[in-house]
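Just below is one structure, and these are the notes that go with it.
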Amino acid sequence: MEAGEVGKTPGVGGFLSKILGTGARATIESIGNTIDKIDKSDEKLEMQLRYKQLLIEIEGAYLNYENKLLESRSRIIETEAKGESWLQRNWRPVLMCICMFIVFNNYVLVPYFNLPITTLDEHIWMLMDLGVGGYVAGRSLEKISENLGPVLFNVKKRKG
């Protein structure tokens, strides 16, 4: 390995920043840079190997966490979709129809018919933003989990 190679492990900053915060990248890279400065090649290679193993373990734990989070969200959406109540099964699409009507009204009907402009509170826009984002993310997770779930299950099964 070349000097500086360990400390600049690609992809380290992304997942570690998500797990531990922005200071983690600098800390991890400084550990790698310190390892690079060791003169004894056997010790250096052993430490570099252990460093890389730890990074892989951390990334694996993070991916496992993300997988469990995805599974949890998928179960919530499935439970809602299988609910006995019409409202429980359809609240997301109804909310999206309401949001789309508000946008259509404010940006199409009002200007087209030259109606008086109604201003919505910033909190309503934020709620709609979260609602649309949550709905899209929820539907995306639902679709992804149908395809990704069996793949992750098979990968986990092979490792175990």
task = Step through the residues of region 121-128 one at a time and calculate ³J(HN,Hα) from phi using the Karplus curve (6.51 cos²θ - 1.76 cosθ + 1.60, θ = phi - 60°), rounding each to whole Hz and writing x for Gly and Pro.
result = 4, 4, 5, 5, 5, 5, 4, 5
key: Fully extended contour minus Cα-Cα distance, from residue 33 to residue 106, at 0.36 nm per residue   = 20.7 nm
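FYI, it's all coordinate maths here, none of it is from the lab. Just so we're clear, the structure is a prediction, and the values are computed from it rather than from any experiment.
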